[in-house]
Structure formats: structure tokens, C-alpha cells
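Peer 1: Structure below; questions to follow.
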Amino acid sequence: MSECASPRVLIFDSGVGGLSVAACVHEKLPHASIVYLADNAAFPYGEQPESVVIERCCALIAGALEHYPCDAIVVACNTASTVALPHLRAITGVPVVGVVPGLKPAAAKTLNRRIGLLATPATVRRPYIDQLIREFAADCQVERVGHPGLVQWAENLVRGVPVPQDELDSAVSGLFDAGVDTVVLGCTHYPLLLESLKRSLPGVAFWVDSGEAIARRVAWLLAQAGPFEESVRSRHTVVAALFSGNAPGGVADYMASLGLQSLTVIGNWPAGS
């Protein structure tokens with residue numbers, strides 16, 4: 001348990017996508033404080049060898065916990081969740097929550113049994129996606145789209161660069177043509193693109209991401225570890241936003257737009273890494 005009166009949650013990603021999860025955690029647990037940790041020096045993780053992802057995740061998260069003791073860890077990255085969770089759980093007693101594309105809730109929502117899975121190229125190719133489809137959506141047509149541009153467009157939003165709507169329309173045209181009524185946002189970056197995605201796919205009735213489910217899981221874990229002081233709140237939701245590379249320009253303002261007020265933003269963390 002951390003030394004603070006209210007709980008503290010570490011949210012880890014390779015870039016800014018985990019901010020979508022941080023916003024959900026804050027909405028569910030407004031009394032909790034957040035440490036945001038992004039390994040943007042190695043972004044994107046989907047292009048890294050698994051051994052590199054495991055090593056960097058474990059080293060960075062262990063280092064962050066030394067400086068900022070936390071009560072729960074969220075790995076808000078599909079690639080890291082797939083390969084690094086057992087290794088993280090072996091090096092810390094802090095509960096670790098991963099992220100999985102929401103095919104199960106999507107299958108429960110869809111009316112026409114046509115689901116779009118929007119994920120990174122690395123994620124759509126992973127065997128565990130086949131397993132999720134067999135287990136939860138075997139009676140559905142699942143159209144997979146893995147486009148390399150979406151994650152970068154989400155990263156660019158932080159710097160105030162608008163989403164290229166025409167390119168996004170083209171990127172998700174396969175989902176439009178397939179007539180899906182439900183889309184799984186299989187990357188934590190993609191909720192940041194939701195308004196643009198809705199313009200590209202106006203016929204989609206249900207958008208499914210993992211943020212709310214992760215927030216509920218974190219709330220349950222903290223309840224098991226509590227009690228915490230829920231009346232103690234800081235105007236700074238994010239105690240620190242740590243980036244292994246240069247901090248993205250405009251990130252503090254972008255976080256504020258998501259309801260995440262940051263006390264400090266630190267780039268090239270830890271120093272000399």
C-alpha cells in the first residue's frame with residue numbers, strides 16, 4: 001500500500017494511448033491519484049522483439065515504483081499485456097491489470113453478428129486474437145483491420161495535429177464495407193480517435209473499448225487492499241507523467257482536456273536511460 005492517504009495507480013503504455021485508460025480510471029476513482037509512465041523512446045512496441053518489451057516494461061515500472069509507490073499497476077498496452085504480465089507479477093507484489101481487446105462484450109452487443117476489430121498490425125496477427133474469437137465470437141463475422149497510421153495519428157493529436165479524416169476513412173473502409181454494427185477498439189490509443197472514427201463509420205451502433213472494464217477491475221483491487229481515504233483529493237489528478245523519450249509537446253494541455261491535471265511532466269526519464 002502506498003504512503004498516500006488516497007490510492008495511487010501506475011498506468012503504463014508505450015505512448016499516449018494509456019491516457020484514455022487513465023481518464024476512465026479517474027472517472028471511476030476520482031479520489032485516486034495517477035502516475036503515468038510511457039516508454040515512448042521505444043514506441044511502438046509492436047515493432048519491438050518480445051524480449052525487449054519484457055525487459056523495458058519490467059525495468060521502467062520497477063524504477064517508477066521506487067520513486068512513486070503505487071497500489072495498482074495498469075499495463076495499458078496490448079502488446080505489453082500479451083508478453084510481459086507474468087514477468088511483471090514476478091517482480092512486484094503490487095496487483096497488475098492488463099488489457100485485452102473486448103471481443104467478449106462486443107459479441108454480447110452486436111445485433112447483426114458483424115464485428116470490426118480495429119487494432120495495430122501486430123495485435124491483429126497475434127494467435128491470442130484467434131483464441132478470443134473462437135471462445136467468445138465464434139458465431140460472428142469478425143473483420144480485422146490493422147493499420148499502422150492510427151496509433152501515430154492519436155500520438156499527433158497531443159501536439160495539436162488534426163486527424164487526417166480522408167486517410168482515416170480509407171484506413172477503416174473494410175469495416176464500412178463489411179457492414180459491422182460493433183467495433184472493438186483493440187488499442188488504447190483508439191478511443192482518442194473516437195469522434196473521427198464515428199465520422200468514418202456512421203453506421204456503427206456500438207463502440208467497445210477496455211477502459212471502463214479496466215477501471216472497474218482497478219476499483220475492485222483497491223477495495224480489497226483498502227480502506228483508503230476517499231475524501232482526500234488533489235487538484236492534480238496525475239502526480240507525474242513520465243516519458244522515457246522526449247515529453248510530447250502539448251501533453252499537459254491534452255491531459256487537461258481529458259480531465260487529467262498533471263503536477264509534473266518529465267521527459268527522458270529516468271535521466272540517462
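The values are calculated or read from the model by the stated rules, or taken from the named source; none is laboratory data. On a predicted model such as this, the values are computed, not experimentally measured, just so you know. Quick reminder, even Gly has a Cβ in these numbers, built from the backbone with ideal geometry, and neighbours come from all protein chains shown.
Peer 1: Consider the range 38-71. How many of its residues are over 15 Å from the mean Cα position of the chain (by Cα) and surrounded by 18 or more Cβ atoms within 10 Å (Cβ to Cβ)?
Peer 2: 12
Peer 1: Please go through the range 171-183 and give me each residue that is over 18 Å from ASP209 (Cβ atoms) and surrounded by 14 or more Cβ atoms within 10 Å (Cβ to Cβ), ordered by number.
Peer 2: Correct list: GLY174, PHE176, ALA178.
Peer 1: With respect to ILE34, is the statement that it is closer than 21 Å to TYR254 by Cβ, crowded, with 18+ Cβ neighbours inside 10 Å and in contact (Cβ under 8 Å) with a residue 40 or more places away in the chain true?
Peer 2: yes
Peer 1: Let me ask another. Could you go through the range 127-141 and let me know if any residue there is of a type in the set (Ser, Thr, Tyr) and buried (at least 17 other Cβ atoms within 10 Å of the Cβ).
Peer 2: The answer is no, given that none of the residues of the range 127-141 is of a type in the set (Ser, Thr, Tyr) and buried (at least 17 other Cβ atoms within 10 Å of the Cβ).
Peer 1: Now, a different point. Are any residues in the range 224-254 of a type outside the set (S, T, N, Q), more than 29 Å from LEU168 (Cα to Cα) and at pLDDT 90 or above, and if so, which ones?
Peer 2: VAL238, VAL239, ALA240, LEU242
Peer 1: Another question about this same structure. Out of the range 99-120, which residues are surrounded by fewer than 22 Cβ atoms within 10 Å (Cβ to Cβ) and in contact (Cβ under 8 Å) with a residue 12 or more places away in the chain?
Peer 2: VAL100, LYS104, PRO105, LYS109, LEU111, ASN112, ARG113, ARG114
Peer 1: Related question: If we scan the range 108-119, do we find a residue that is modelled with pLDDT of 95 or more, of a type outside the set (Lys, Arg) and assigned to a helix (DSSP H, G or I)?
Peer 2: yes
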